[in-house]
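Have a look at the structure below, then the notes.
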Amino acid sequence: MFKFWGSQEEQVRPPQDVITQSWYPPSVSSSRPGTPGSTSSRPQSPSHVSPAEAAGIISALKDKSVDELRKLLSDKDAYNQFLLSLDQIKIQNNLREELREETLQLASENMEKEPRIMELRNQCRIIRTTELAAAEEKLNELDRKKKEILNLCSPASLIRRLQERMKETEEESDNLHRQLLDREIDLGSFTHKYKKLRMDYHRRALIQLAATTT
């Protein structure tokens, strides 16, 4: 290890103990003050200090005397003051302060947008209760009409309507024949109208036959 003052080996051992331990000495987390040569009975957590950070800590400790190192081990205030003087801690504190300022700025901007957000919510509520309701009603009406048209254009509906027209044509033919027997219509008119009715009837019958056999 480093020999900071070139003195006896016993005088160099205290800084060796400080360097090999974690940033937080046992005396800081324990109520009983520790001595430079003593070890804590509590298991020490592994250090996560990078080599560059460790070199910076060693550089800050190497010029301190044995008494100053002992004070760091036993005095919480002295230890905290030394800790806050390290560049790594200063950088972390500066970053934390910057993040805090940015968070406060974002929170302030969000608070300024709150009235606009409330206004948009009110507009959405109005649209949902008025325009959206009317649009849904119109959509339901169009959907109902679409179903009616599809029902009218379905094969079963078309065949049923075709059968109804065939029945009507058959009734008209019977009425026309009765009129001829009662001499209510002359033979020429009867022949012309009856021929047209029977052609319509047979045409519809052929269409019905084709629809039911396909």
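Tabulated data for the structure shown
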item: Counted residues, segment 136-159 - those being at pLDDT 85 or above and either in contact with a Lys or Arg (Cβ under 6 Å, 6 or more places away or on another chain) or open to solvent by less than 70 Å² (accessible area, probe 1.4 Å) (or both); result: 3
item: Qualifying positions in segment 76-107 - open to solvent by less than 60 Å² (accessible area, probe 1.4 Å) and at pLDDT 85 or above; result: N93, A107
item: Test set (1) in contact with a Leu (Cβ under 9 Å, 6 or more places away or on another chain); (2) within 29 Å of Q208 (Cα to Cα); (3) loosely packed, with under 11 Cβ neighbours inside 10 Å - L187 fails condition number; result: (2)
item: Set T130, T191: member being on the phi < 0 side of the Ramachandran plot, under 44 Å from the mean Cα position of the chain (by Cα) and of a type in the set (S, T, Y); result: T130
item: Filter pass, L73 being surrounded by 12 or more Cβ atoms within 10 Å (Cβ to Cβ) and modelled with pLDDT of 50 or more; result: yes
item: Output for segment 81-106, where each listed residue is part of a helix (DSSP H, G or I), closer than 14 Å to A60 by Cβ and not β-branched (V, I, T); result: Q81, F82, L83, L84, S85, D87, Q88, K90
item: Check on R204, open to solvent by 100 Å² or more (accessible area, probe 1.4 Å), touching a residue at least 24 places away in the same chain (Cβ under 8 Å) and of a type outside the set (S, T, Y); result: no
item: Condition broken by I89, with the remaining ones in (1) of a type outside the set (S, T, N, Q); (2) over 30 Å from P51 (Cβ atoms); (3) more than 23 Å from the chain's Cα centre (by Cα) satisfied; result: (2)
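The values are calculated or read from the model by the stated rules, or taken from the named source; none is laboratory data. Nothing here was measured: the structure is a model prediction, and the numbers come from that model. Cβ: placed from backbone, ideal geometry, glycine included. Neighbour counts: every protein chain shown. Please note that ligands, DNA and RNA were not included when accessible areas were found on the heavy atoms of the full protein model with its side chains. Shrake-Rupley method; radii C 1.70, N 1.55, O 1.52, S 1.80 Å.
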